[in-house]
Each structure stands twice: as structure tokens, then as C-alpha cells.
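The values are calculated or read from the model by the stated rules, or taken from the named source; none is laboratory data. All of these numbers come straight from a predicted model, not from anything done at the bench. So basically every Cβ, Gly included, is an ideal-geometry build from the backbone, and we count neighbours across all protein chains shown. With ligands, DNA and RNA removed, areas are computed over all heavy atoms of the protein, side chains included. Shrake-Rupley method; radii C 1.70, N 1.55, O 1.52, S 1.80 Å.
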Amino acid sequence: MIENDEKPILITGCSSGIGYAAAKALKARGYQVYTSARREADVARLSADGFTALQLDLDDSASIESALTLILEQTGGRLYALFNNGAYGQPGAVEDLSREVLRAQFETNLFGWHELTRRVIPVMRRQGAGRIIQNSSVLGLIALPYRGAYTASKYALEGLSDTLRLELHGSGVHVCLIEPGPIESRFRANSLVMVKKHIDIESSLHREHYRTTLARLEKPGAAVPFTLPPDAVVKRVIHALESPRPQARYYVTLPTYLFGNLKRLLSSRALDWICHRV
């Protein structure tokens, strides 16, 4: 049995929320945790908190290569696990999303993850073992209005991860999807920045909805029922890391269980009726 202190793990998006909570919990369990963040100020703060921290911008291939090269130099070419977590949500009606805005959403939420994952697979194949854990979303299972860019990126992640899991069968490398619903994090604050930056609210036919959205995103505390702390996700990450037979998918929060089951049971028309009222 390999001890946890011999299991290096890289976590992306550790500046707050799920990534930070996972880093703390896994470090406490003895893992050799490598945290990463896009902004240098967040990297400095992670270092001050006692983590091994690296600057890693998922939109930048050179940044991905540099961070991974440094980790492998320090671990003797080993990496037991990758937890892809760094992402953001771009709110907006589909008809208000420019090609550039949609591309930016995919660059961070999908293409950056894919490039990093491709780079770690040869390492894990050589080891004969590894875990690739993808932090998806309930919006990788169902669609909700005004979340088209984020939903599209997560639907794509689901398909890519399912295919990768099949292709890595028998290699000792497991691919798992985490499916959180509402979690306490800076996700809403970051989404608020993005809707203001990229959506011309006053010129949109959806401007009344956007005003409601802004009020929801600016609301302090949990904005929706059944919101859970990041530790709820971390429990599933630990199982995905340590189980000899990890699950393909881990649901987190009541809304994920609810919508995951409704999608299997209901027609598209019936599910649309429910989603319009969420």
C-alpha cells in the first residue's frame, strides 16, 4: 500500500472555495499537495498558509507546462492525482454571448483542463496508477436558462471525461466526475464580475432578468436553498482518491440528486417545465 505522503496531487483553482478546502483536507491526510492559482497574489497567500503553491493559468499553455515541469522535478517524475477544479461561470442569455466570450469560457473550463490532463496521463501510465478528478457541476447534467456558456463547458467536460475513462480502462488510471450543486464559494462573486464585463445588459431583450440576476449575485450568504460548504465536495474527492474502485460520478447536494434523477425519469418537455421555474 502506497502511503499518502508518497502520493503527490496537483489541485487547480485553490485561491478559495472547493480548491482551498480540498488542499487543507488532503494536506491533513498526509498527501503531498501542490496548490495552484492564476493570480500571483493568491499564490503568495497560499504559500503563506503553508502550502506548496505554484502560479498556473489554465488559459496559458506555457504556464501549464512550467507548473507541471516544476512539480515533476520535485517529485522525481511522479504525480498520483490531478484535481481539475479551476473554473468560472459566465452568465448570460445564449443570444447575448459573443463568440469571444464563449471561447473564453471554454479556454478556462475545458481546453486548459484538457491540456493539463493530457500532460499528466503519460506520467500516470508509467506509474500504472493515478486518479484524474474533474470538478463538474449539476449543470453538466441539466441546463438552466441564462447559464448557457457554463453549461456548455460542463456538458463538454462530461463527454470528454466519459470517453477518457473508457480509453484508460485497464491502465490503472481512474477518471472521476464530481457533480456539485450550490456550494459556498466565490463562484457567485466571480460570475457577477463576468456578467458586468461581457453582457450589454441595457441593450438586451433579457435586461429585466439580468437585473434580477445581479440582485441574486450581490446577495450576501447562500442565494439558493440546499447550499452546502466546500467540505461536502471534499468528502467525495477523498473517496475518489482512496477507493480501490472509485465511482464514475459523485453527486453532491440535494439539487444534483434531484435533477440527476429527474433527467432519467422525465421527458424533455416535463424537465423544461421544471427548469423554467427554478
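The criterion of at least 2 residues that are of a type in the set (Gly, Ala, Ser) is met, among helices (runs of 4 or more DSSP H) falling completely within the stretch 205-274, by 231-242. Of the residues that sit in the stretch 218-262 and are of a type in the set (Phe, Trp, Tyr) and touching a strand residue (DSSP E or B) at 6+ places or on another chain (Cβ under 7 Å), which one is least open to solvent (accessible area, probe 1.4 Å)? Only one residue fits best here, namely TYR250.
The rows are residues; the columns are (1) closer than 24 Å to LYS235 by Cα; (2) modelled with pLDDT of 95 or more.
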{"site": "GLU107", "(1), (2)": "no, yes"}
{"site": "GLY112", "(1), (2)": "no, yes"}
{"site": "ARG118", "(1), (2)": "no, yes"}
{"site": "GLY130", "(1), (2)": "yes, yes"}
{"site": "GLN134", "(1), (2)": "yes, yes"}
{"site": "GLY140", "(1), (2)": "yes, yes"}
{"site": "PRO145", "(1), (2)": "no, no"}
{"site": "LEU157", "(1), (2)": "yes, yes"}
{"site": "GLY170", "(1), (2)": "no, yes"}
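Count of the stretch 243-278 residues, restricted to those that are polar (S, T, N, Q), over 22 Å from the mean Cα position of the chain (by Cα) and under 20 Å from GLU158 (Cβ atoms), is 1. One residue stands out in the stretch 153-210 among those that are polar (S, T, N, Q) and free of Cβ contacts under 8 Å to residues at least 12 places away in the same chain: the one that is surrounded by the fewest Cβ atoms within 10 Å (Cβ to Cβ), namely SER203. With respect to the conditions (1) on the phi > 0 side of the Ramachandran plot; (2) touching a Lys or Arg at 6+ places or on another chain (Cβ under 7 Å), PRO8 falls short on a single one, namely (1). Answer yes or no as to whether ILE64 is surrounded by 18 or more Cβ atoms within 10 Å (Cβ to Cβ), farther than 19 Å from LYS154 by Cβ, within 18 Å of the chain's Cα centre (by Cα) and not small (Gly, Ala, Ser). Judged against the criteria, ILE64 is a match.
One residue stands out in the stretch 96-105 among those that are free of Cβ contacts under 8 Å to residues at least 60 places away in the same chain and surrounded by fewer than 17 Cβ atoms within 10 Å (Cβ to Cβ): the one that is nearest to the chain's Cα centre (by Cα), namely ARG103.
Of everything listed in (1) open to solvent by less than 60 Å² (accessible area, probe 1.4 Å); (2) among the polar types (S, T, N, Q); (3) free of Cβ contacts under 8 Å to residues at least 24 places away in the same chain; (4) closer than 24 Å to SER98 by Cα, the single unmet condition for THR213 is (3).
Just one of (1) out of contact with any Cys (no Cβ under 7 Å at 6 or more places or on another chain); (2) aliphatic (A, V, I, L, M); (3) closer than 29 Å to THR69 by Cβ fails for ILE133. It is (1). Whether any residue in the stretch 12-25 is at pLDDT 95 or above, in contact with a Cys (Cβ under 8 Å, 6 or more places away or on another chain), under 21 Å from ALA189 (Cβ atoms) and not in a helix (DSSP H, G or I) is what I want to check. No, the stretch 12-25 contains no residue that is at pLDDT 95 or above, in contact with a Cys (Cβ under 8 Å, 6 or more places away or on another chain), under 21 Å from ALA189 (Cβ atoms) and not in a helix (DSSP H, G or I).
Yes or no: ARG125 basic (Lys, Arg), modelled with pLDDT of 95 or more, assigned to a helix (DSSP H, G or I) and over 23 Å from ALA21 (Cα atoms)?
yes
Across the stretch 128-153, the number of residues qualifying as within 15 Å of PHE187 (Cα to Cα) and in a helix (DSSP H, G or I) comes to 5. Answer yes or no: is there a residue in the stretch 186-194 that is over 24 Å from ILE274 (Cβ atoms) and assigned to a loop (DSSP other than H, G, I, E, B). There is at least one residue in the stretch 186-194 that is over 24 Å from ILE274 (Cβ atoms) and assigned to a loop (DSSP other than H, G, I, E, B).
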